[in-house]
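Working notes, beginning with the structure itself.
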Amino acid sequence: MDMNPRKSKDACMIVIIAETAPEPSSSIPRQKEGANGKAFGVFWVPSPLDLMTETRSSARTAHYYRVKSRSNNYHLFTGYTVTHITFTDELTAYGVSAQPRDSTPPAVIKANKEVILAAGVIGTPQILQRSGIGPKALLEKAGIKVKQGLPGAGRNFQDHPVAFIGYDRRLYLHT
């Protein structure tokens, strides 16, 4: 990956402190991973901004526009809220149960090949847990039949208590 955010085509990663970053011998630590639970020092973080086009990235721009022509095997359902994943007895996902916004009965949307769960940091563990995948004690307490005990599902969520302001200092230099 090109480490220069102005040249990078990777719209999801940027450098927080680039030219002003302290030397490795400095007392400010350099983290290899910004989401490792140690959010201090100098590190990389995901960003929805594409620095080359100065536009915000989204599921639509980063994914959907590239695959929307695949109408034979890619379908986008809007106006539904996924309640849980439907599994075979062998725990192979074959679809999702979804509640339409208009309060009609839930629909089971089946997949021919694969189910991709991408509901964000809050929605993904909720759907997994409602589907019976998650910490066994939590699922049992909620009255959900445990299909697969997975202690990490829904754990280690961390809030973002800081805000960063990024700028290109070269734009402000007066000669």
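A few points about this structure:
- Any chance L51 is within 30 Å of I28 (Cα to Cα), aliphatic (A, V, I, L, M) and surrounded by 10 or more Cβ atoms within 10 Å (Cβ to Cβ): yes
- Inter-residue pairs, beta-carbon under 6 Å, first farther than 12 Å from V96 by Cα and in the range 115-129, second modelled with pLDDT of 90 or more and surrounded by 10 or more Cβ atoms within 10 Å (Cβ to Cβ), 6+ apart: A119/I127
- Residue within the range 7-30 that is at pLDDT 70 or above, exposed (fewer than 15 other Cβ atoms within 10 Å of the Cβ) and out of contact with any strand residue (DSSP E or B) (no Cβ under 7 Å at 6 or more places or on another chain) present: yes
- Some residue of the range 72-86 being of a type outside the set (S, T, N, Q), part of a loop (DSSP other than H, G, I, E, B) and touching a Lys or Arg at 6+ places or on another chain (Cβ under 6 Å): yes
- For the residues V67, V121, V108, the requirement of being touching a strand residue (DSSP E or B) at 6+ places or on another chain (Cβ under 7 Å) and among the hydrophobic types (A, V, I, L, M, F, W, C) singles out V108.
- If you go through the range 124-151 and keep only what is part of a helix (DSSP H, G or I) and either β-branched (V, I, T) or modelled with pLDDT under 90 (or both), you end up with T124, I127.
The values are calculated or read from the model by the stated rules, or taken from the named source; none is laboratory data. Everything numeric in this text was worked out from a predicted model, so none of it was measured. Neighbour counts are summed over all protein chains in view; Cβ atoms, including those assigned to glycine, are modelled from backbone coordinates with ideal geometry.
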